[in-house]
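The next block holds one structure in the form of structure tokens; read it before the comments.
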Amino acid sequence: MIVRPERAFDFDAIDAVVGAAFDNEHDPEVRLVRQIRANDGYVPEFSLVADDEGDVVGHIMLSYVTLGDRKILQLSPLAVRPERQKQKIGDALSRDAIMRADEALEPLILVLGHPNYYPRFGFVPARSLGIDPPDDAIPDGPWMARKLANYDPALTGRVDFGPAFKL
């Protein structure tokens, strides 16, 4: 298995992976992936697939959201085909995405995700870094940030997910 940037010919397979992972091919997460691609926050080199001999078995997407006047990366979504879960594919995608963002000198990655999954990759509560979610109703547990080598502690305030996340 290799992790590589997505290509246009992967889009249908990615929709199938995301739909299966979230139990519905018309799920909001499938629409989210499509909307991010149609948005100026889309970063093709940070939208990755797990390719197992030509078969897309997983997908992760980092895209830009705003924090004040800065663009910051947001991880959403991470998906692995159900029959391939628990095989470390999500871990490989997450680690590769973090590495690529770090190499690109990004300061941090945000995620609104499972609080028992993402800490293994160095994610901590985002509010502890002074970063507020776009909606105060979002609890601390799933609202996390991963500092990268180029982290700047001055990056504080409220995040705006932008139009792609308004489903």
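The values are calculated or read from the model by the stated rules, or taken from the named source; none is laboratory data. In this text the structure is predicted, and so the values were computed from the model without any measurement. FYI the Cβ positions are ideal-geometry reconstructions off the backbone, even for glycines, and counts take in every protein chain you see.
For Ala164, only one of the following conditions fails: (1) in contact with a strand residue (DSSP E or B) (Cβ under 6 Å, 6 or more places away or on another chain); (2) under 20 Å from Asp27 (Cβ atoms); (3) small (Gly, Ala, Ser). What is its number?
So Ala164 meets the others, but not (1).
Taking Leu62 and the conditions (1) more than 22 Å from Ile2 (Cβ to Cβ); (2) within 10 Å of the chain's Cα centre (by Cα), which numbered condition does it fall short on, given that it satisfies the others?
Only one criterion is unmet by Leu62, namely (1).
Answer yes or no as to whether Glu6 is of a type outside the set (Val, Ile, Thr), crowded, with 21+ Cβ neighbours inside 10 Å, over 13 Å from the mean Cα position of the chain (by Cα) and at negative phi.
Against the criterion (of a type outside the set (Val, Ile, Thr), crowded, with 21+ Cβ neighbours inside 10 Å, over 13 Å from the mean Cα position of the chain (by Cα) and at negative phi), Glu6 qualifies.
Out of all the residues in region 64-88, which are closer than 19 Å to Val30 by Cα and either basic (Lys, Arg) or not in a strand (DSSP E or B) (or both)?
Within region 64-88, Arg81, Pro82, Glu83, Arg84, Gln85 meet the criteria.
Could you check how many residues of region 37-68 are within 20 Å of Leu112 (Cβ to Cβ), in contact with a helix residue (DSSP H, G or I) (Cβ under 7 Å, 6 or more places away or on another chain) and modelled with pLDDT of 95 or more?
Counting residues in region 37-68 that are within 20 Å of Leu112 (Cβ to Cβ), in contact with a helix residue (DSSP H, G or I) (Cβ under 7 Å, 6 or more places away or on another chain) and modelled with pLDDT of 95 or more gives 9.
Would you be able to tell me the number of residues in region 118-159 that are among the charged types (D, E, K, R) and at pLDDT below 95? First the steps, then the outcome.
Let us first name the residues in region 118-159 that are among the charged types (D, E, K, R), namely 120, 127, 132, 135-136, 140, 146-147, 152, 158.
Okay, now just the ones that are also at pLDDT below 95, so 135-136, 140.
Going through region 118-159 one residue at a time, the tally reaches 3.
Just one of (1) under 16 Å from Phe123 (Cβ atoms); (2) small (Gly, Ala, Ser); (3) at pLDDT 95 or above trips up Ala79, so point out which.
Here Ala79 meets the rest and fails (1).
Checking the structure you have, find out if any residue of region 90-99 is touching a residue at least 60 places away in the same chain (Cβ under 8 Å), aliphatic (A, V, I, L, M) and surrounded by fewer than 21 Cβ atoms within 10 Å (Cβ to Cβ). Walk me through how you get there before you give the answer.
In the first step, residues of region 90-99 are kept if they are touching a residue at least 60 places away in the same chain (Cβ under 8 Å); the result is 92-93, 96.
From the residues that got through so far, the ones that are aliphatic (A, V, I, L, M) too are 92-93.
Within this subset, residues satisfying the condition of being surrounded by fewer than 21 Cβ atoms within 10 Å (Cβ to Cβ) are 92.
Yes, some residue in region 90-99 is touching a residue at least 60 places away in the same chain (Cβ under 8 Å), aliphatic (A, V, I, L, M) and surrounded by fewer than 21 Cβ atoms within 10 Å (Cβ to Cβ).
If Leu48 meets every condition in (1) in contact (Cβ under 8 Å) with a residue 40 or more places away in the chain; (2) in a strand (DSSP E or B); (3) of a type outside the set (Val, Ile, Thr); (4) farther than 14 Å from Val3 by Cα apart from one, which number is that one?
(4)
Can you name every residue in region 116-149 that is more than 14 Å from Ser94 (Cα to Cα), exposed (fewer than 13 other Cβ atoms within 10 Å of the Cβ) and among the charged types (D, E, K, R)?
Across region 116-149, the qualifying residues are Asp135, Asp136, Asp140.
Exactly one condition in (1) surrounded by 15 or more Cβ atoms within 10 Å (Cβ to Cβ); (2) closer than 14 Å to Met61 by Cα; (3) modelled with pLDDT of 95 or more; (4) not polar (S, T, N, Q) is false for Gly113; which is it?
(3)
What are the residues in region 121-167 that are assigned to a loop (DSSP other than H, G, I, E, B), among the charged types (D, E, K, R) and farther than 22 Å from Leu32 by Cα, if any?
So the first thing to find is which residues in region 121-167 are assigned to a loop (DSSP other than H, G, I, E, B), and the list is 122-123, 130, 133-142, 148-156, 161-162, 166-167.
Cutting the leftovers down to among the charged types (D, E, K, R) gives us 135-136, 140, 152, 166.
Across region 121-167, the qualifying residues are Asp140, Asp152.
Are any residues in region 15-41 free of Cβ contacts under 8 Å to residues at least 60 places away in the same chain and under 23 Å from Met99 (Cα atoms), and if so, which ones?
The answer is Val33, Arg37, Asp40.
Let me confirm something: among Leu112, Leu148, Leu108, which residue is among the hydrophobic types (A, V, I, L, M, F, W, C) and out of contact with any Leu (no Cβ under 6 Å at 6 or more places or on another chain)? Break it down stepwise before answering.
Details: Leu148 fails: out of contact with any Leu (no Cβ under 6 Å at 6 or more places or on another chain); Leu108 fails: out of contact with any Leu (no Cβ under 6 Å at 6 or more places or on another chain).
From the options Leu112, Leu148, Leu108, the qualifying one is Leu112.
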